[in-house]
1. Sort out which residues of region 185-242 are within 24 Å of the chain's Cα centre (by Cα) and of a type in the set (Ser, Thr, Tyr), and write them in order of number.
2. Any idea which of (1) under 28 Å from residue 47 (Cβ atoms); (2) small (Gly, Ala, Ser); (3) within 23 Å of the chain's Cα centre (by Cα) is the one residue 271 doesn't satisfy?
3. Exactly one condition in (1) part of a loop (DSSP other than H, G, I, E, B); (2) under 17 Å from the mean Cα position of the chain (by Cα) is not met by residue 292; state its number.
4. Can you confirm whether region 98-105 contains a residue that is touching a Cys at 6+ places or on another chain (Cβ under 9 Å) and buried (at least 16 other Cβ atoms within 10 Å of the Cβ)?
5. Only one residue in 14, 74 is touching a residue at least 12 places away in the same chain (Cβ under 8 Å) and among the β-branched types (Val, Ile, Thr), so which one is that?
6. Could you tell me how many of the residues in region 77-88 are surrounded by fewer than 21 Cβ atoms within 10 Å (Cβ to Cβ) and farther than 20 Å from residue 150 by Cα?
7. Could you look through region 172-211, keep only residues that are assigned to a helix (DSSP H, G or I) and open to solvent by 30 Å² or more (accessible area, probe 1.4 Å), and pick out the one that is farthest from residue 233 (Cα to Cα)?
8. Which of the residues belonging to region 243-262 are in a helix (DSSP H, G or I) and in contact with a Gly (Cβ under 7 Å, 6 or more places away or on another chain)?
Amino acid sequence: MSAEYATFGLAPATRAGGLLADGDYQVHRDFVDFVVDGCPLLFRLSDLDAVSPLASDVPPSLFTAQVQSLLLETEAPLPAGRYIVYGCPECEDLACGAVTAVIERDGEDFVWRDFAWQTDEHADLELNGYHGLGPFRFQGTEYRTALAALLDGDVPGARRRVLLIGARVALLAKLAAALRTIGIGADIAHDADGVPADELRGYDAVVFGRSVSADERDAVRRAFAGAGVDVPCVDGFAPVVPLLVAQTEQALERGPHGRRRLTELTAAGDAAELEVTSSCRVRLTAYRIDRFSRARAQDLFDGVLEPGRHRVPLDAKALKGEAYLVARTGGTVLVTEVRR
């Protein structure tokens, strides 16, 4: 079988959750992505919001079954030896669409070929094949070692948990409910005084409300430092729940900078400047506070951008006054204040 050798690896990845401007929401998912020749395979699929079957928030037995399936220790779940490589992040229904591939052995090697978009049991390669993607030949030892490590308990990711600090309890309660809705645990406190070190170590980020003073923030940071843990601290831009959720998602991003699709975002006047590392779909949403202190949200851009730096014109009316911009891809969220 003709296929050039490619390196195979695994890396933790995130499908960022969030509250969207249209009132919908998407769930936060932590999963393990496939890394082919040093690049996440998902990055080769520019307009795809999906996760691999190796999701860290599924029960251990299901996770183990997925690993064994990729090792070809069980029968293929789809006809013609096809396996799901990426599926819907919200459910497990094939009808939502999935990227599938034939996975087979060739001697000691493993080969992934005939990638396709599939919505039922049978793939139409002519109509829905990812032409030009693969085939990939992986050395058996490297392939088995990477996947077997997951069965030994080396599973990156766990349910995220954040600590919310502030005086506006009603706002924090709404924020906590929103974070829990998308799959992130959240607790509310006035400060971190007297909180046991073991409990502080269970948090992945701290979110400060705007009413929290600099001295109070420093005290919280000292409490975490005393517990021997370094967590990102989020200074809430404005009392707008979807905006605070986006800031929290940005703080929870844990992938290495070089493997993030969206690496930079600034906004000034009537344009945004951003940088993407691979072809991907980007959505830009503006949040502003009007003169009556009401929050306004508006989607300003939704399209696929090629790798590199981009200047995207924006609707200046949506950025009047105190305004913030959220850029979102499948795995990364960035938030910035709009400069005047």
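The values are calculated or read from the model by the stated rules, or taken from the named source; none is laboratory data. Predicted model, so just to flag it, every value in this text is computed and none were measured. We place every Cβ from the backbone using ideal geometry, glycine too, and count neighbours over all the protein chains shown. Protein only, heavy atoms only, side chains kept; ligands, DNA and RNA dropped before computing areas. Shrake-Rupley method; radii C 1.70, N 1.55, O 1.52, S 1.80 Å.
1. 203
2. (3)
3. With (1) part of a loop (DSSP other than H, G, I, E, B); (2) under 17 Å from the mean Cα position of the chain (by Cα) applied to residue 292, the lone miss is (2).
4. Of all residues in region 98-105, those touching a Cys at 6+ places or on another chain (Cβ under 9 Å) come to 98.
So of that shortlist, the ones also buried (at least 16 other Cβ atoms within 10 Å of the Cβ) come out as 98.
Among the residues of region 98-105, at least one is touching a Cys at 6+ places or on another chain (Cβ under 9 Å) and buried (at least 16 other Cβ atoms within 10 Å of the Cβ), which makes the answer yes.
5. Numbers: 74 fails: touching a residue at least 12 places away in the same chain (Cβ under 8 Å).
Only one candidate qualifies: 14.
6. Matching residues across region 77-88 total 6.
7. Of all residues in region 172-211, those assigned to a helix (DSSP H, G or I) come to 172-181, 197-200.
Filter once more, so that each one left must be open to solvent by 30 Å² or more (accessible area, probe 1.4 Å): 173-174, 177, 180-181, 197-199.
On the way: 173: 18, 174: 19, 177: 19, 180: 19, 181: 21, 197: 17, 198: 18, 199: 17 Å.
For region 172-211, the residue satisfying everything is 181.
8. At the first step, the residues of region 243-262 found to be in a helix (DSSP H, G or I) are 243-252, 257-259.
Within region 243-262, 244, 245, 246, 247, 249 qualify.
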